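Novice: Let me begin by handing over the structure; questions about it come next.
The numbers here are math on the coordinates, done by the rules we state, and not lab data. Predicted model only: the values in this text are computed from it and were never measured. Using ideal geometry, Cβ is built from the backbone for each residue, glycine included, and neighbour counts are taken over all protein chains shown.
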Amino acid sequence: MTQRKTRTNLVHGGTRRSQYGELSEAIYMTQGFSYDSAEQAEARFIESGQDEYIYARYGNPTVRMFEERIALLEGAEDGFATASGMAAVNGALVSMLKAGDHVVAAKALFGSCLYILENILPRFGVEVDFVDGAELAQWEAALRPDTKAVFFESMANPTLELVDIEGVAKLAHAVGATVVVDNVFSTPVYSRAIEQGADVIVYSATKHIDGQGRALGGVVLGSQEFIRGTLEPYMKHTGGSMSPFTAWIMLKGLETIDLRVRAQTATATAIAEDLRDHEGLERVLYPGLDSNPQFPLTQRQLGAGGTMISLDLKGGKPAAFAFLNALNVVQISNNLGDAKSIATHPTTTTHQRLSDEQRAALGITDGLIRLSCGLEDVSDLIEDIRNALQAAQV
Ligand SMILES: *Cc1c(COP(=O)(O)O)cnc(C)c1O
């Protein structure tokens, strides 16, 4: 048979069926597994083969289905599912680093990622330098022969600025560093990160993979050697594994992710186009707008602008708050990738801990609103946003 296509893999990939032949994936809600004999137990602790399980912290059939399905989507050799996106980021980095190693990271990072790199890793003797992720020259200057890993979000939150995966990977590989990419905003639907040189990819499954705001989860993807040799021993002994129930939610999320993310992207594009010249806005930040300076990179790296837009309102925080408070369809929350459209004010929420200088350096103004486009009718969303923009201008 020819190789199956993505949509088919998203529905069937990784499926394991019990003797009952259940059509929908079973939730193996068990922490342990019983053995036919003492000899079998002994043998499994020496080496467990494919689909032989010991304890849910080490692996579980429902979790394995999710890992295989998402690995097929990403084009990765293997994956390890984690309890949250942060367990994935922490596991990917800590499992490979040791005291004395050097890491280069982009400075535009999700708050908890920044905490790991700025506060936790240095406590264990890992030296971390930060660069402006969009500037290849800064990566080149910061990389050293002892640089063990580079870490960045391929599309930064909330400015939606892209990092050139191929460009950074070339530089990092030249010094032998492992390229770890937090790919949440790019989504696994548009990602071709492995082809472009990423070695390890992490997702918060909480976002587009669930896509319906139900559960926390994450996944690390990479070579079989990295996932099974480096990451798995760390994860299974430190307790960051995904629960079988969460894995089932994420499996079901994967069945529809391609349809959802493409529909949400079409909506984001329509909203960005509609608002691009709006008088109440300083800027519309959307990588899929042809006026965006990174539009060529967006086309080359992802082929689409994704599901997120940031709107920079004239009038700073008062305008941003008036806008949020006037929204009816769009919800005020800080999740993203959800079926429900969501708006958030980064300065006072997700990026509140940063100093004014740090926010200014990242382009996070007081008028900035981050919008995650959902699955509602696009005309209802545009009407809601336009009404709220009008309310923000009084
Ligand atoms: C949400 C998010 C995370 C953390 O994921 P959790 O599932 O909340 O732990 C990490 N990186 C990015 C870019 C995110 O958006």
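Novice: Of these, VAL168, VAL202, VAL181, which one is more than 20 Å from LEU259 (Cβ to Cβ), within 13 Å of the ligand (Cβ to nearest atom) and free of Cβ contacts under 8 Å to residues at least 60 places away in the same chain?
Specialist: Testing whether each residue is more than 20 Å from LEU259 (Cβ to Cβ), within 13 Å of the ligand (Cβ to nearest atom) and free of Cβ contacts under 8 Å to residues at least 60 places away in the same chain leaves just VAL181.
Novice: Which residue is nearest to the ligand (Cβ to nearest atom), if the candidates are limited to the stretch 144-159 and must be part of a loop (DSSP other than H, G, I, E, B) and buried (at least 22 other Cβ atoms within 10 Å of the Cβ)?
Specialist: ASN157
Novice: I'd like to check which helices (runs of 4 or more DSSP H) are fully inside the stretch 25-127 and have at least 1 residues that are more than 24 Å from the chain's Cα centre (by Cα).
Specialist: Ranges flagged: 38-46.
Novice: For the stretch 229-243, which residues satisfy the criterion of being hydrophobic (A, V, I, L, M, F, W, C) and surrounded by fewer than 20 Cβ atoms within 10 Å (Cβ to Cβ)?
Specialist: Hits for the stretch 229-243: nothing passes.
Novice: Being within 30 Å of LYS98 (Cβ to Cβ) and part of a loop (DSSP other than H, G, I, E, B) is the filter here; which residues of the stretch 201-252 pass it?
Specialist: Those that are within 30 Å of LYS98 (Cβ to Cβ) and part of a loop (DSSP other than H, G, I, E, B): ALA205, THR206, LEU216, GLY217, SER223, GLY239, GLY240, MET242, SER243.
Novice: Does PRO318 satisfy the condition of being over 26 Å from the mean Cα position of the chain (by Cα) and either surrounded by fewer than 16 Cβ atoms within 10 Å (Cβ to Cβ) or not acidic (Asp, Glu) (or both)?
Specialist: Judged against the criteria, PRO318 is a match.
Novice: Okay, next question. Among the residues that make up the stretch 297-315, is at least one of them over 20 Å from the mean Cα position of the chain (by Cα), hydrophobic (A, V, I, L, M, F, W, C) and part of a helix (DSSP H, G or I)?
Specialist: So far as the stretch 297-315 goes, no, none of its residues is over 20 Å from the mean Cα position of the chain (by Cα), hydrophobic (A, V, I, L, M, F, W, C) and part of a helix (DSSP H, G or I).
Novice: Test GLU161 against the criterion of being on the phi < 0 side of the Ramachandran plot and without any contact (Cβ under 8 Å) to a residue 24 or more places away in the chain, and give yes or no.
Specialist: no
Novice: What about PHE226, is it among the aromatic types (Phe, Trp, Tyr) and either buried (at least 19 other Cβ atoms within 10 Å of the Cβ) or within 19 Å of the chain's Cα centre (by Cα) (or both)?
Specialist: Answer is yes for this residue.
Novice: For the structure I just gave you, tell me whether LEU97 is surrounded by fewer than 20 Cβ atoms within 10 Å (Cβ to Cβ), in contact (Cβ under 8 Å) with a residue 12 or more places away in the chain and either more than 13 Å from the ligand (Cβ to nearest atom) or not charged (D, E, K, R) (or both).
Specialist: In short, yes.
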